[in-house]
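Q: First the structure, which I've put down as structure tokens, then a few questions once you've had a look.
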Amino acid sequence: MPAITHVTLVVRDYDEAVAHYVDDLGMDLVEDTPMGGGKRWVVVAPQGGRGAALLLAEAVSEAQLDRVGDQTGGRVFLFLETDDFARDHARMTAAGVHFRERPREEPYGTVAQFLDMYGNRWDLIQRNEPVGH
């Protein structure tokens, strides 16, 4: 059965992006392979390997630089699902991640919107019932 395995995220700089997604958001660096000409295949993913991974693609043109931080026109771009909202919210807040709102309870679970270092909107979410159940 087909699966979405990677989502491309356009970033300003490979190294700053890796530091942010690994150190601040708690992801794993899955791969960092030089591709020649300054390009790299850089993949980060949530710890434990659940869900799709992010392929960090360094912007190389003005058009790509214009997309950094707003790949979805101001909508939430990615959803980071956790099994312990309080733990991850506290860790991310301590790491300096900017949450745009206080955690809130919704019928589907606990959620709070945050911004990554570029301004992309994310939801940190702990579902009342895991997806697919």
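The values are calculated or read from the model by the stated rules, or taken from the named source; none is laboratory data. The model shown is predicted, which means the values in this text are computed figures rather than measured ones. Note that we place each Cβ from the backbone using ideal geometry, even for glycine, and neighbour counts take in every protein chain shown. We work out accessible area using only protein heavy atoms, side chains counted, and drop any ligands, DNA or RNA first. Shrake-Rupley method; radii C 1.70, N 1.55, O 1.52, S 1.80 Å.
Q: With a/c under 1.5 counting as rounded, go ahead and sort the chain into rounded, prolate or oblate using the C-alpha gyration tensor (a ≥ b ≥ c being the square roots of the eigenvalues; past the cut-off, prolate if a/b is larger than b/c, else oblate).
A: Verdict is prolate for the chain.
Q: Using only Cα atoms, tell me the angle between helix 85-94 and the longest principal axis of the chain; keep it within 0 to 90° and round to the nearest 10.
A: For 85-94 against the chain, the angle is about 50 degrees.
Q: Given a cut-off of under 8 Å on Cα pairs at least six residues apart, what relative contact order in percent is computed for the chain?
A: Contact order relative to length: 22 percent.
Q: Expected output is a single nm value to one decimal: the length gained when fully extending between T5 and H98, i.e. 0.36 nm times separation in residues minus the C-alpha distance. What is it?
A: Additional length available on full extension: 30.8 nm.
Q: Measure off 7 Å from each Cα along the Cα-to-Cβ vector at Y108 and A19, then give the distance between these two points in nanometres to one decimal.
A: Reported label-point gap for Y108 and A19 is 3.4 nm.
Q: Which of the peptides 55-63, 28-36, 116-124 is most tightly packed, and how do the rest follow, judged by the mean count of other Cβ atoms within 10 Å per residue?
A: Per-residue Cβ counts within 10 Å, averaged per peptide and sorted highest first, yield 116-124, 55-63, 28-36.
Q: While we're on this one: As an exercise, identify the chymotrypsin sites (Phe, Trp or Tyr not before Pro) in segment 69-109 lying in DSSP coil whose Cβ has no more than 15 other Cβ atoms within 10 Å.
A: Y108
Q: Next question. For segment 27-133, report the accessible area per residue in Å² (1.4 Å probe, heavy atoms, rounded to an integer).
A: Per-residue value: 60 Å².
Q: Here's another thing I want to ask about it. To the nearest Å, what is the center-to-center distance of segment 21-63 and segment 90-112, using C-alpha atoms only?
A: 23
Q: Which ³J(HN,Hα) values, rounded to whole Hz and listed in residue order, are derived for segment 120-128 from phi using the Karplus coefficients 6.51, -1.76 and 1.60 in 6.51 cos²θ - 1.76 cosθ + 1.60 with θ = phi - 60°, glycine and proline given as x?
A: With the stated coefficients, segment 120-128 comes to 5, 8, 10, 10, 8, 9, 10, 6, 5 Hz.
Q: With a cut-off of at most 10 other beta carbons within 10 Å, and DSSP calling the residue loop, which GluC sites (Glu not before Pro) in segment 68-133 qualify? Please list them.
A: Passing both the DSSP loop test and the Cβ count: E101.
Q: Under the rule of at least 5 residues apart or a separate chain, name every residue whose amide H is placed under 5 Å from the amide H of V7.
A: A53, L54, L55
Q: Can you classify segment 1-75 as rounded, prolate or oblate using the Cα gyration tensor, where a ≥ b ≥ c are the square roots of its eigenvalues, rounded means a/c under 1.5, and otherwise it's prolate if a/b beats b/c and oblate if not?
A: Verdict is rounded for segment 1-75.
Q: Let me ask you something else. What full-extension length gain, to one decimal in nm, is calculated for R12 and M35 as 0.36 nm per residue of separation minus the Cα-Cα distance?
A: 6.5 nm
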